[in-house]
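Every number in this text was worked out from the coordinates using simple rules, so none of it is lab data. Because the structure is a prediction, the values reported are computed rather than measured. No Cβ is skipped: glycine too gets one built from the backbone with ideal geometry, and neighbour counts run over all protein chains shown.
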Amino acid sequence: KISAVIFDLDGVIVSTDEFHYQAWKQISDQEKMYFNREINERLRGVSRMESLEIILSHSDKNYSEKDKQLLAQRKNEVYCALLNKLSPNDILPGVINLLLSLKARDIKIAIGSSSKNTPFILEQIGLAFSFNAIADGNSITNSKPDPEVFLLAAEKLGVAPEECVVIEDAQAGIDAAIAAGMKAVGVGTAASCVNAQLTLKDLSNLNIDQLIEVNEIRS
Ligand code: G6P
Ligand code: MG
């Protein structure tokens with residue numbers, strides 16, 4: 001039985017990794033810190049402050065906690081200016097169809113994202129009122145791979161974790177789903193979705209029967 005599908009936001013509903021890259025790149029250049037696209041790939045699903053720590057691990061710079069907060073804030077200002085360009089046209093292939101068919105089958109839909117910009121992004125793409133529940137970076141203390149965000153989404157929906165399937169583009173997110181006792185579908189360029197029950201390029205060919213099958217796999 002499947003009662004709910006929990007969607008990650010960045011990389012599943014909408015592609016923001018290029019904006020994250022540009023924003024971190026700008027700050028790294030200003031600070032003379034090393035940063036490239038390969039490091040950016042490792043920031044998928046990881047919180048803002050943890051992302052900064054990953055970037056800092058590639059340089060010999062030392063910052064106080066307060067300065068790190070300021071750096072993250074500066075990055076977010078650049079990032080939010082880029083998010084202003086987002087529109088419903090940026091919703092990834094297959095997403096709207098899948099949301100509509102889940103609704104038609106009375107399967108609940110939720111967001112489970114590490115991002116504190118979740119409300120802003122959903123508003124930009126016109127999906128602010130489309131989900132039954134939203135669990136995001138503003139309401140959790142431990143980010144993925146900790147299961148907190150997905151467990152919170154299930155709790156808000158009033159659904160047992162075993163009845164939820166998670167759709168994720170990041171390994172940290174797949175790990176979080178498994179830790180929450182949920183099954184996971186991996187999507188996108190992150191081909192290395194280890195432990196995902198199913199891996200797809202995008203959501204355009206995913207149907208509900210496949211999701212039900214995914215949730216019946218007992219490992
Ligand atoms: C998502 C993205 C990460 C990002 C995190 C925090 O999980 O995949 O790359 O670091 O959200 O985003 P925020 O919008 O709060 O800075
Ligand atoms: Mg993601």
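Overview of results
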{"read-out": "Those chymotrypsin sites (Phe, Trp or Tyr not before Pro) in region 126-219 that DSSP places in a loop and that have at most 12 other beta carbons within 10 Å", "value": "PHE129"}
{"read-out": "Alpha-carbon centroid distance for the pair region 150-219 / region 57-124, whole angstrom", "value": "19"}
{"read-out": "Low-density loop positions, chymotrypsin sites (Phe, Trp or Tyr not before Pro), region 1-72 - DSSP coil, at most 16 other Cβ in 10 Å", "value": "TYR34, TYR63"}
{"read-out": "Percent RCO, i.e. relative contact order, over the chain, from Cα pairs under 8 Å lying at least 6 residues apart", "value": "26"}
{"read-out": "Linear extension gain, THR141 paired with ASN76, 0.36 nm per residue minus alpha-carbon span", "value": "21.5 nm"}
{"read-out": "Longest site-free stretch - the chain; sites: trypsin sites (Lys or Arg not before Pro), DSSP loop, at most 12 other Cβ within 10 Å", "value": "106-200"}
{"read-out": "Residue-span extension gain [ASP67 to GLU50] - 0.36 nm each, minus C-alpha spacing", "value": "4.7 nm"}
{"read-out": "Burial ordering of THR118, THR141, THR199, THR189, fewest other beta-carbon atoms within 10 Å first", "value": "THR141, THR189, THR199, THR118"}
{"read-out": "Fewest-first ranking of CYS193, CYS164, CYS80, using other Cβ atoms within 10 Å as the exposure measure", "value": "CYS80, CYS193, CYS164"}
